[in-house]
Amino acid sequence: MILRFAYWLSRRGSGERPFLQALARLALPVIILAAVPAVAYLTLAQINIIGGVGIAIELVATATIYLASAWISWRIAPVIAEAIITSPQIAPESIDAHLIRICARLLGIFGGAVLLAIGADRLGVPLYGIVAGLGVGGLALALSAQPTIENLIGGLSLFADKPIGVGDFGRYGDSLGTVEAIGLRSTRIRGTDRTLTTIPNATLSKMPIVNFAQRDRMLIQTVIGVRYETSSDQLRFVLATLREMLLGHPRIDPDSARVRFIGFGASSLDIEVFAYAMTRNTPEFLSIREDVFLRVIDIIEQSGAAIAFPSQTLYLMRDGGLDDGKARAAESQVRQWREEDRLPFPNFSPDQVCQIRGSLIYPPPGSTESPIAEVKPETGKLNESDRRAHQRQSSHDR
């Protein structure tokens, strides 16, 4: 009746409380270990059974005691592991928890093997033959379990590098998902379509893993195209106002904010907006990015420009042709270069390069960072005296 109660108790428990479940499974071998010496004492000392039957009872009792002890070593390992995992710092389905379980299980197996070896020695069983047989069998088992061992090594590499953790959202190969559990053999990932994918650790350890949960900031990057009818000053207004907006936004990192005119698209003047939102939460990031984009639309509308879209514009008007006066002036300038042997083809001469280098102003006139100098408004170039001073300063800087 006691053994029947112990068996019933060992079947109790559920996966929701793994510590209590492991503790219940320990009850049967403990009761057997306690009952066998009592039965042996009753039969051999009190009833006084002797002879061959008594020797058989003693041998069976000894073997049962060592078997029960090895069983306890096997069963107590999960109890110790689950007791450690109950700590709030360890997630029950994390790889740390699985590593604790497997280490405790290996220690339990080792302890049970030692107890069985001691018991076999007490019973007179030859250990050398058993060890040799176990060695050959272990080699065959290792060869047949090569994929499992590979997954185990992959799980250990995930534990050592810690590229992901339970609850982390990221990209695994070509898929997106949230890690739900990391075991020593496989990892379960919940995809954005709510499907659950189990990936062997050997495969996962070879995948490129992008862990979005480890970001300290989140990137906002987009290219905005404005129409080609936008004037250069309108474009300057848009660029300056966008930079001001990013610098003033409380959830944008000002050191990373960048707005630049980056090129001429097929149907638009392209502006790149680049900034980091100071958040790690995806829903909050989406709201910050939405706010920035709406402000971009307001700024473009405020400038009088418009966002471009792929299109072709057909102008029905009389063609004014080329400007004859400017064309004649350009041709005359080229003829003069040719007559004076100063035609800059295929390259400028070294003297021309020295004369031209540093003659323009950058930053442009009117900028907060431009050098203080008198500039001809119609050409945007320095006066002769200022140009020479600027060249001397440029040569000194170089």
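The fraction of all Cα pairs in region 160-214 landing in successive 10 Å bins from 0 to the largest distance is 26, 66, 8, given as whole percents. To the nearest 0.05, what FRET efficiency results for residue 256 and residue 339 with a Förster distance of 45 Å applied to their C-beta separation? Once the sixth-power term is evaluated, E becomes 0.25.
Compute the separation of the alpha-carbon centres of region 165-236 and region 263-291 and state it in Å as a whole number. The two parts, judged by their Cα centres, are 17 Å apart. Packing, taken as the mean count of other beta carbons within 10 Å per residue, orders the peptides 177-186, 302-311 from highest to lowest as 177-186, 302-311.
Since every read-out is calculated from the coordinates, none of them should be taken as a lab result. The model shown is predicted, which means the values in this text are computed figures rather than measured ones. Positions of Cβ are backbone-derived with ideal geometry, glycine not excepted, and every protein chain shown enters the neighbour counts.
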